[in-house]
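Okay, so here's the structure we're looking at.
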Amino acid sequence: MSEKIIILDFGSQYTQLIARRVRELNVYCEIHPYNKIPNFDSTVKGLILSGSPCSVREVKAPDVDLRGLKGKMPILGVCYGAQLIAHKAGNEVVASKIREYGRARLKEIHATNKLMKEITPFSQVWMSHGDTIAGLSEEFEILASTETVNVAAYKVKKEETYGIQFHPEVTHSLEGKTILRNFVVHICGCSQDWTPDAFIETTIKELKEKIGNDRVVLGLSGGVDSSVAAVLIHRAIKDKLACIFVDNGLLRKNEFEDVLASYKNMGLNVKGVDAREQFYTALKGLIDPEDKRKAIGKTFIDVFDAEAHKISDVKWLGQGTIYPDVIESVSVKGPSATIKSHHNVGGLPDKMKLKVVEPLNTLFKDEVRIVGKTLGIEDIILQRHPFPGPGLAIRILGDITKEKVGILQEVDHIFINGLKEKGHYKNVWQAGAILLPIKSVGVMGDERTYENVVALRAVTSTDGMTADWAHLPYDFLADISNEIINKVKGVNRVVYDISSKPPATIEWE
Ligand code: XMP
């Protein structure tokens, strides 16, 4: 990496957004916790201090020693970051009389300052703070104010150190991206050469150097991340990459055959493994969702390990891990309780005693898609909704049988195909069907029926952390419901899940 920006995270909910915005400017950046400062070698062109839910007035406020950096490289403090720099220089930070949250407009902008270049008078910015910088000493100059805060943006006169009280990373700050560009391009001097093509080129070169003549094994899941990782590694080492795609019997209808065919089409050296019976046996009688996840994770590791051992001389395990999985998040409120254990196969590298290669571990999901597109991967793989590792097993409430999987696959197929046909698929973040452990009475023709209930779930979201139920048209839902009840034997009632996350989750288990 020839140049980068470091973001020190003080626990703000927006830290990842800052990183995304900087990367959208084709400048590579990394997030590090405030209490684990990385090595600042010559590739680091600037530093951004994030916001925080804390107050600098608290005794145990997160702090960072900037002595070695301040004045030596450009620094931008955002919200808490700005307050921290001001506070450490002896300026007063006080509790605001009213907590300022929402839109504000910048005035008295120093348009000649590099940070404020091209920012228009009364530009809308997004505020979210309880503390205010009460005043600044002589060494500081104010670059902008708002109706309610005098210090909306400042500069330390003899340094390239800046602070802004508002959040440039959220879209409600209409010229926030210009401010970030001013900082990373005009102040830090970054050359904006971190493009998908450049990423692909350097990654392939690095993979070649790292792997040499060794062989790599990689588990494909049909999802975006493992597919893009595989294509990148394949570009680097060709058929020394062996891919394994396991049919765990919990995939969508036809998924195994379709996806396997498209992998082969892409030129990947891939082996499909039918392990359905092994998974059904491992799941037999299990009801608790976490027990199911554990059984599936363990069976996957066993199947994968056995297959990998059939390939000689494997030294590396390729994985599609992405950046949000590896960012060490700053927990200011203590470690959060595990709600669901999503890391299905975390034990794989340990068990296999292989070195791990993760070419996407610096990318966000949307960046993985862009890289995949640049690599020429088909949209049917890139635009696919996320699908959980344990598959339909966590969408069948209660115990798993082959018959139940069969029913759910049919229902899910009708729903997903309907979404695609009617143009809703792209506007929905994730969708699927859930087989409920209850039966209900119905009437078909002249006969009373007593059969399964299925729930349909479709959500909108950006990252799965929060989600809203998708407001699909009633007519569409009515047609899908009719089609399911008419075509899928064993189902006589369809309901639509209208819960948001939180407090519900996306999956039912
Ligand atoms: P929840 O249900 O927690 O889901 O709102 C958030 C996202 O995570 C997916 N999910 C999983 N993915 N293994 C996975 O690989 C799991 O055990 C698992 N559980 C939930 C879910 O599909 C959604 O995209």
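Brief remarks follow.
- Kirkwood Rh in Å, taken over region 73-166 so that all alpha-carbon pairs contribute: 13.1
- Anchor LYS402: aspartates and glutamates whose Cα lies under 12 Å away (excluding residues fewer than 8 positions away in-chain): GLU277
- In Hz, Karplus ³J(HN,Hα) per residue of region 44-55 (6.51, -1.76, 1.60; θ = phi - 60°; x = Gly, Pro): 7, 9, x, 10, 10, 9, 7, x, 6, x, 8, 10
- For region 207-341, fraction of C-alpha pairs farther apart than 18 Å, in %: 62
- Across region 475-480, rounded Karplus estimates of 3J(HN,Hα) from the backbone phi angles (6.51 cos²θ - 1.76 cosθ + 1.60, θ = phi - 60°) give 4, 4, 4, 4, 5, 5 Hz, Gly and Pro being marked x.
- Ordering of 136-143, 157-164, 92-99, 425-432 by burial proxy (mean other Cβ atoms within 10 Å per residue, highest first): 157-164, 425-432, 136-143, 92-99
- For region 176-193, the Karplus equation 6.51 cos²θ - 1.76 cosθ + 1.60, evaluated at θ = phi - 60°, returns couplings of x, 5, 5, 5, 5, 5, 4, 5, 6, 8, 7, 9, 7, x, 5, 9, 6, 9 Hz by residue, with Gly and Pro reported as x.
- Listed peptides 454-463, 198-207, 72-81 by packing density, highest first (mean Cβ within 10 Å): 72-81, 454-463, 198-207
- Once divided by 2.2 N^0.38 Å, the Cα radius of gyration of region 188-265 becomes 1.36.
- 222 nm mean residue ellipticity, helices alone, for the chain (DSSP H n ≥ 4; -39,500 (n - 2.57); rounded to 500): -9000 deg cm²/dmol
- Relative pair counts by distance (%), Cα atoms of region 344-394, 5 Å bins: 4, 15, 17, 19, 20, 20, 6
- Proximal aspartates and glutamates relative to LYS489, as straight alpha-carbon distance under 12 Å, when same-chain residues fewer than 8 apart are discounted: GLU403, GLU410, GLU451
- The convex hull defined by the C-alpha atoms of region 159-228 has an orientation-averaged projected area of 8.4 nm².
- Accessible area per residue, Å², region 12-129 with all protein chains present, probe 1.4 Å: 48
- Semi-axis lengths, largest first, of the ellipsoid equivalent to the chain are 47, 29, 20 Å, with √(5λ) applied to each eigenvalue of the Cα gyration tensor.
- Shape descriptor for region 445-509: Rg over Rh equals 1.06 (Cα atoms; Rh from the Kirkwood inverse mean 1/r).
- For region 1-79 versus region 376-436, the gap between their alpha-carbon centres in whole angstrom: 39
- With the alpha-carbon atoms of region 15-119 aligned to their principal axes, the span from lowest to highest coordinate is 42, 38, 25 Å, starting with the largest.
- Cα-Cα pairs of region 384-509 separated by more than 18 Å (percent): 52
- Highest-first arrangement of 277-285, 53-61, where packing means the average Cβ count within 10 Å: 277-285, 53-61
- Taking each of LYS292/LYS351; LYS36/LYS155; LYS240/LYS420; LYS4/LYS210; LYS210/LYS310; LYS114/LYS373 in turn, the alpha-carbon distance tops 32 angstrom for LYS240/LYS420; LYS114/LYS373.
- Debye intensity ratio I(q)/I(0), log10, region 99-147, q values 0.19, 0.28 Å⁻¹ (C-alpha model): -0.72, -1.14
The values are calculated or read from the model by the stated rules, or taken from the named source; none is laboratory data. Source: prediction; values computed, not measured. Heads up, the Cβs are rebuilt from the backbone with ideal geometry, glycines too, and the neighbour counts pull from every protein chain shown. We work out accessible area using only protein heavy atoms, side chains counted, and drop any ligands, DNA or RNA first. Shrake-Rupley method; radii C 1.70, N 1.55, O 1.52, S 1.80 Å.
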